[in-house]
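Worksheet: the structure to be examined is printed underneath.
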Amino acid sequence: MHYRPEFEAGLHVCARCNYHDRLTVGQRLDLLLDDGEAFQELAADVLTSDPLNFSRPSGRYPDRVAKAQASTGRSEAVVCGVGHIQGHEVALGVMEFGFIAGSMGGAAGERIARLFELAQERRIPLVMVTSSGGARQDEGVFALMQMAKTTAAAARLAAAGVPYIALMADPTLAGVTASFAAVADIIIGEPGATIRFAGSRVVQGTLSRRAQADDHTAEWVLRRGMIDAVVPRRDQRRTIGRLIELLAPAQVSRRAEVVDAARTRLG
């Protein structure tokens with residue numbers, strides 16, 4: 001049991017066990033962006049279509065999207081735009097897990113790709129906060145194509161020498177983990193966040209063993225070298241701001257060296 005005002009004042013983190021509860025897009029923007037700084041949203045007019053005319057026993061896909069829009073107040077599973085973190089202008093994308101499990105369909109993939117392109121064009125650092133169940137089944141192969149599209153956009157950003165920082169929140173799964181989220185210069189995990197590609201039942205069936213309670217938490221994947229640091233919520237704005245300073249575009253000629261130095265500092 002938590003007293004709500006205290007829980008909210010503590011950034012939705014349990015004071016006793018350090019459990020980091022999931023945040024909405026609005027809460028995440030308030031956490032990361034500088035106080036009083038406006039967030040200029042990008043590609044808000046890119047909306048979900050129904051390329052497969054998909055339906056399931058529970059209803060048609062457009063109805064499912066409309067329900068998610070009503071419950072979250074968001075038009076898609078990701079919000080992208082430009083704001084400031086620790087005084088630095090950044091391209092920022094935040095995924096909304098409450099919107100059909102933060103799944104990536106054609107509209108979400110297009111918004112993310114455009115965000116990478118904007119960061120490359122304006123040469124401003126890109127920060128991506130992921131919280132997703134993966135590709136959206138309702139769009140089939142059209143959703144799977146977004147993995148290649150977003151990863152290619154991330155590769156072009158890297159080739160241009162513009163910094164990219166990923167913050168993996170709970171949960172970051174499947175096609176998002178296996179695409180743009182895992183190719184950042186620096187990858188941060190939120191304490192206790194589930195970070196993995198396959199679910200527990202798939203792991204159990206493939207490896208013939210029962211998944212352990214701590215399998216594929218942020219701390220677990222950190223020990224195995226998949227991410228660079230686990231950063232508590234209260235320190236994320238300051239940490240990301242410091243990383244942006246270390247990975248400034250002016251350091252393009254020494255990109256690999258600077259990234260390694262930033263990872264060492266996080267360690």
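The values are calculated or read from the model by the stated rules, or taken from the named source; none is laboratory data. Computed from a predicted model, the values in this text were never measured in an experiment. With ideal geometry, Cβ positions are generated from the backbone for all residues, glycine too; neighbour counts draw on all protein chains shown. Heavy atoms of the whole protein, side chains included, go into the accessibility calculation; ligands, DNA and RNA do not. Shrake-Rupley method; radii C 1.70, N 1.55, O 1.52, S 1.80 Å.
Of the residues 119, 108, 148, 152, only one is over 28 Å from residue 71 (Cα atoms) and either polar (S, T, N, Q) or surrounded by 24 or more Cβ atoms within 10 Å (Cβ to Cβ) (or both); which? Only one candidate passes the filter, namely 119.
One residue alone among 175, 161 is touching a Gly at 6+ places or on another chain (Cβ under 6 Å), surrounded by fewer than 24 Cβ atoms within 10 Å (Cβ to Cβ) and within 25 Å of residue 229 (Cβ to Cβ), and that residue is 175.
Yes/no per residue for (1) in contact (Cβ under 8 Å) with a residue 24 or more places away in the chain; (2) open to solvent by 60 Å² or more (accessible area, probe 1.4 Å):
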| site | (1), (2) |
| --- | --- |
| 52 | yes, yes |
| 55 | no, yes |
| 80 | yes, no |
| 84 | yes, no |
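Can you say whether residue 193 is surrounded by 15 or more Cβ atoms within 10 Å (Cβ to Cβ) and modelled with pLDDT of 95 or more, as far as the supplied structure shows? No. Consider region 219-267 and keep the residues that are open to solvent by less than 20 Å² (accessible area, probe 1.4 Å) and not in a helix (DSSP H, G or I). The one that is modelled with the lowest pLDDT is 247. Residues of region 126-145 that are surrounded by fewer than 24 Cβ atoms within 10 Å (Cβ to Cβ) and in a helix (DSSP H, G or I): 137, 138, 141, 142, 143, 144, 145. Over 19 Å from residue 146 (Cβ atoms), modelled with pLDDT of 90 or more, of a type in the set (D, E, K, R) and surrounded by 14 or more Cβ atoms within 10 Å (Cβ to Cβ), is that true of residue 76? Spelling it out, it is not the case that residue 76 is over 19 Å from residue 146 (Cβ atoms), modelled with pLDDT of 90 or more, of a type in the set (D, E, K, R) and surrounded by 14 or more Cβ atoms within 10 Å (Cβ to Cβ). Test residue 183 against the stated conditions and say whether it is open to solvent by 40 Å² or more (accessible area, probe 1.4 Å), in contact with a Ser or Thr (Cβ under 8 Å, 6 or more places away or on another chain) and modelled with pLDDT under 95. Considered against the rule, which asks whether it is open to solvent by 40 Å² or more (accessible area, probe 1.4 Å), in contact with a Ser or Thr (Cβ under 8 Å, 6 or more places away or on another chain) and modelled with pLDDT under 95, residue 183 comes out as yes. When we screen 66, 44 for residues that are open to solvent by less than 90 Å² (accessible area, probe 1.4 Å), outside any helix (DSSP H, G or I) and either free of Cβ contacts under 8 Å to residues at least 40 places away in the same chain or among the β-branched types (Val, Ile, Thr) (or both), the only hit is 44. Of the residues making up region 2-39, those that are buried (at least 17 other Cβ atoms within 10 Å of the Cβ) and touching a strand residue (DSSP E or B) at 6+ places or on another chain (Cβ under 8 Å) are 12, 13, 20, 22, 23, 25, 28, 29, 32, 33, 39.
Residue count for region 91-110 satisfying the condition of being outside any loop (DSSP other than H, G, I, E, B) and more than 18 Å from residue 27 (Cβ to Cβ): 8.
From the list 162, 141, which residue is within 22 Å of residue 256 (Cβ to Cβ), modelled with pLDDT under 95 and of a type outside the set (Ser, Thr, Tyr)?
After ruling out the rest, the residue left standing is 162.
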